[in-house]
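Working notes, structure below.
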Amino acid sequence: MKGRAVMILVCIFLSVGCTNHTRDIERVKVELTFSTFLTEEQFEQEIKEPLKEQFPNIELIRLDDSGKGVFSLHHGADIHHEMLGGKMYFNDSSYESSFPAIDLTDLIAESGFRTETIPQPLWNHVRAISSNGEVEGLPYIRKLYGLFVHEGFSGKDAASQGNVTWDTVANMNAALPPTDKGRWLRYWLVFEMMNQLSIPLVQAEHDREELRSKFSKIARAVAQFKAGSAGITFSQEDLLNGDSGALENIQTFVPSGTATLYAQARRNYSEIEHLLGKPEYDVANFPYFSEDEPVVPARVQEILQIGENSSYKYEAFEIIAYMVSEPFQLKNARIGLGPVLDDIRIYEQFGQDVPAFEGKNIAAFFQPGLAEYPINANMLVQPLVEQAEVKIFNIVDSQLKGEIDEEEATRLYMEVYAPFVR
């Protein structure tokens, strides 16, 4: 690191010579291996081709994922493109086979990378999935949240006015005919509510009374969903295993987080792609717990990392830093990928290269703020997170079946969440 600092100083005082030397380096062909869940075609179109003009001396090679399944992982790759949460539902965990990524803190500082262009909650999420508070990746894509409303839904006009809350959703559900009541609900929506209230399944410091208040809000929302679905038997199969076909048949409303995070078309299943692309659907704001707190979950959906065994760490960082720059993020946003930069110019052009999005209420994705993500949080091992998920599913199931009330549900949530309180 000291030698690199000296070289920078030499460049300052001997700029002509350093410039010539830099040009010689730039003419040297560098090959960087890329581990990604994207298909070869997606990789070429989204990443490799757009980077060619900016980095003509760098050749990106996508590592073959034959036999590795949807979530390919090559430990020896220079760059790793990871989809977060795909191994479970909407949560992360530490696991032994994770990619051996380097801490990017020094590279970020040396390069002058503007960290302030990325909202702090997203950085907190990245630090939480890193080791010991390090920064083992750059956020690349964030999950966008909305309430997807069918044109045939009688309450669509009210939803489009904005400031939809979970109380609003409960009332909308209550007004549905019996055949439609509760069909939009999936158990794992509770995790999005938890993220929205800044209590994701990560270990962090929490005030117990504030924590109890937050879980009571979730228990109240579930109670309202049940109350508005009188006479309906909630099927565990539908609530836990609803698929895309069932989603297509729901001609009312669908909140983000209703669909599973299991990959479809080699990318996270997305209501944006699956529903907003249909002419009969538009989007309203993701429901808030209160109109006074218009926030949505802060969720990094895809991350870029550099392998600890890479021989080209600086070149790899140049690549991933550019993929988080305004030009690249704007390109991504235009094709419907959630930008990690807080930039109104990018928001205004979201989806402009997707004809099916024309005339849709795209602003609904970007008007709310991001919920806080716990600082100094850390991930627990996968078995503990999975156990907590199952227990939370059971709480929701018991409440919808009328086996427990709000107070008991809140108590059980607190009990399950205890290992996540530091």
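For residues that are within 22 Å of Ser198 (Cβ to Cβ) and charged (D, E, K, R), scanning just the stretch 399-411, find the one that is surrounded by the most Cβ atoms within 10 Å (Cβ to Cβ).
Across the stretch 399-411, the extreme among qualifying residues is Glu406.
Have a look at Glu53, Glu82, Glu49 and point out the one that is modelled with pLDDT of 90 or more and within 26 Å of the chain's Cα centre (by Cα). Step through it out loud before you land on a result.
Numbers: Glu53 fails: within 26 Å of the chain's Cα centre (by Cα); Glu82 fails: modelled with pLDDT of 90 or more.
Testing whether each residue is modelled with pLDDT of 90 or more and within 26 Å of the chain's Cα centre (by Cα) leaves just Glu49.
For the stretch 123-131, does any single residue satisfy the condition of being surrounded by fewer than 22 Cβ atoms within 10 Å (Cβ to Cβ), modelled with pLDDT of 90 or more and basic (Lys, Arg)?
Yes, the stretch 123-131 contains a residue that is surrounded by fewer than 22 Cβ atoms within 10 Å (Cβ to Cβ), modelled with pLDDT of 90 or more and basic (Lys, Arg).
Restricting attention to helices (runs of 4 or more DSSP H) lying wholly within the stretch 185-297, give those where 2 or more residues are at pLDDT below 95 and of a type in the set (S, T, N, Q).
Details: elements: 189-196, 208-227, 236-241, 244-248.
Fully inside the stretch 185-297 and qualifying: 236-241.
Can you tell me which condition Glu31 does not meet? The list is (1) at pLDDT 95 or above; (2) under 19 Å from Tyr140 (Cα atoms); (3) among the acidic types (Asp, Glu), and all the others hold.
Condition not satisfied by Glu31: (2).
Given the criteria of a type in the set (Val, Ile, Thr) and surrounded by fewer than 24 Cβ atoms within 10 Å (Cβ to Cβ), does Ile303 qualify? Step through it out loud before you land on a result.
Values: of a type in the set (Val, Ile, Thr): yes; surrounded by fewer than 24 Cβ atoms within 10 Å (Cβ to Cβ): no.
No, not satisfied.
What helices (runs of 4 or more DSSP H) completely inside the stretch 336-422 contain at least 2 residues that are farther than 27 Å from Ala223 by Cβ? Walk me through how you get there before you give the answer.
Working: elements: 344-348, 382-400, 406-417.
Correct list: 344-348, 382-400.
Provide a single number: the residues in the stretch 137-161 that are farther than 24 Å from Ile335 by Cβ and either at pLDDT 95 or above or crowded, with 23+ Cβ neighbours inside 10 Å (or both).
Residues that pass the stated criteria total 1.
Considering the stretch 163-190 alone, what residues qualify as being more than 26 Å from Ser216 (Cβ to Cβ) and either free of Cβ contacts under 8 Å to residues at least 12 places away in the same chain or of a type in the set (Gly, Ala, Ser) (or both)?
Pro177, Thr179
In this structure, is Val10 of a type in the set (A, V, I, L, M), assigned by TED's automatic domain parsing to the domain that holds Phe328 and at pLDDT below 55?
no
Considering only the stretch 85-122, state which residues are of a type outside the set (Val, Ile, Thr), farther than 22 Å from Lys143 by Cα and either modelled with pLDDT of 75 or more or buried (at least 17 other Cβ atoms within 10 Å of the Cβ) (or both). Before you say what the answer is, go through the steps one by one.
First, pick out the residues of the stretch 85-122 that are of a type outside the set (Val, Ile, Thr): 85-101, 103-104, 106-107, 109-114, 116, 119-122.
Going one step further and asking which of them are farther than 22 Å from Lys143 by Cα, we end up with 95-97, 100-101, 103-104, 106-107, 109-113.
If the condition is that a residue be of a type outside the set (Val, Ile, Thr), farther than 22 Å from Lys143 by Cα and either modelled with pLDDT of 75 or more or buried (at least 17 other Cβ atoms within 10 Å of the Cβ) (or both), then Pro100, Ala101, Asp103, Leu104, Asp106, Leu107, Ala109, Glu110, Ser111, Gly112, Phe113 are the ones that fit.
Residues are listed down the side, and each one gets a yes or a no for (1) buried (at least 20 other Cβ atoms within 10 Å of the Cβ); (2) on the phi > 0 side of the Ramachandran plot; (3) not assigned by TED's automatic domain parsing to the domain that holds His81:
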{"site": "Ile335", "(1), (2), (3)": "no, no, no"}
{"site": "Glu358", "(1), (2), (3)": "no, no, yes"}
{"site": "Gln382", "(1), (2), (3)": "no, no, yes"}
{"site": "Val390", "(1), (2), (3)": "no, no, yes"}
{"site": "Asp397", "(1), (2), (3)": "no, no, yes"}
{"site": "Tyr413", "(1), (2), (3)": "yes, no, yes"}
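The values are calculated or read from the model by the stated rules, or taken from the named source; none is laboratory data. Keep in mind it's a predicted model, so treat the numbers as computed, not measured. Cβ sites come from the backbone with ideal geometry, for glycine too, and all protein chains shown count toward neighbours.
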